[in-house]
Amino acid sequence: MQHSDCIFCQIIRGEAPATMLYQDERAVAFRDIAPIAPVHVLIVPRLHIASAAEVTAEHAPLIGHLIAIAAHIARQQGIAERGYRLVTNVGREGGQAIFHLHWHLIGGRQLRGIG
Ligand code: 5GP
Ligand code: ZN
């Protein structure tokens, strides 16, 4: 299910621009519009799921696929050996701004601890 008022659904449908790094039948990955590190990529399922809080057991193959895409992009971007951060924000206090599930792949500089 796609949501017409969701910016990530719009990007997935090609109705809003993004720098796409990866696309397949289940997921896309594009550069964050406001990167906080040299590499800042969002890995997004085509399926509109509001957040990780909405994930159920039936999504397990999809979630595994998203993590594998992140690892693939990390290798492609040359940060796999050095390391990176893979994070998903949940809800307002979790810092979530876009309520369409996504992982941030962040790297290319030394990251400090969370918090
Ligand atoms: P959240 O805070 O929901 O975990 O992360 C949302 C991320 O999406 C933010 O890092 C923000 O910079 C990024 N973002 C918001 N709108 C757009 C957009 O239209 N295009 C792209 N590429 N990134 C966006
Ligand atoms: Zn959406």
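The values are calculated or read from the model by the stated rules, or taken from the named source; none is laboratory data. All figures in this text were calculated on a predicted structure; none of them were measured in a lab. Neighbour counts are summed over all protein chains in view; Cβ atoms, including those assigned to glycine, are modelled from backbone coordinates with ideal geometry. Heads up: the accessible areas ignore ligands, DNA and RNA and are worked out on the full protein's heavy atoms, side chains in. Shrake-Rupley method; radii C 1.70, N 1.55, O 1.52, S 1.80 Å.
Key figures
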read-out: Matching residues, segment 29-47, being out of contact with any Leu (no Cβ under 8 Å at 6 or more places or on another chain) and within 14 Å of ligand 2 (Cβ to nearest atom); value: R46
read-out: Candidates A70, A57 - the one that is exposed (fewer than 12 other Cβ atoms within 10 Å of the Cβ), modelled with pLDDT of 95 or more and more than 16 Å from ligand 2 (Cβ to nearest atom); value: A57
read-out: I114, sole failed condition from (1) crowded, with 16+ Cβ neighbours inside 10 Å; (2) in a loop (DSSP other than H, G, I, E, B); value: (1)
read-out: Scope segment 43-94; condition part of a strand (DSSP E or B) and within 12 Å of the chain's Cα centre (by Cα); matching residues; value: I43, V44, P45, R85, L86, V87
read-out: Given (1) on the phi > 0 side of the Ramachandran plot; (2) of a type in the set (G, A, S); (3) in contact (Cβ under 8 Å) with a residue 12 or more places away in the chain, number of the condition G95 does not satisfy; value: (3)
read-out: I11 being within 13 Å of ligand 1 (Cβ to nearest atom), more than 16 Å from L105 (Cα to Cα) and within 13 Å of the chain's Cα centre (by Cα); value: yes
read-out: Matching option when the condition is modelled with pLDDT of 95 or more and away from ligand 2 (no atom under 16 Å from the Cβ), among R112, R26; value: R112
read-out: Pair list, Cβ < 9 Å and 6+ apart or interchain, from segment 2-25 residues that are touching a residue at least 40 places away in the same chain (Cβ under 8 Å) and of a type in the set (A, V, I, L, M) to residues that are more than 10 Å from ligand 2 (Cβ to nearest atom) and open to solvent by less than 60 Å² (accessible area, probe 1.4 Å); value: I7/A16; L21/V28; L21/A29; L21/F30; L21/V41; L21/I73; L21/Q77
read-out: Test: residue in segment 44-53 that is open to solvent by 40 Å² or more (accessible area, probe 1.4 Å) and polar (S, T, N, Q); value: no
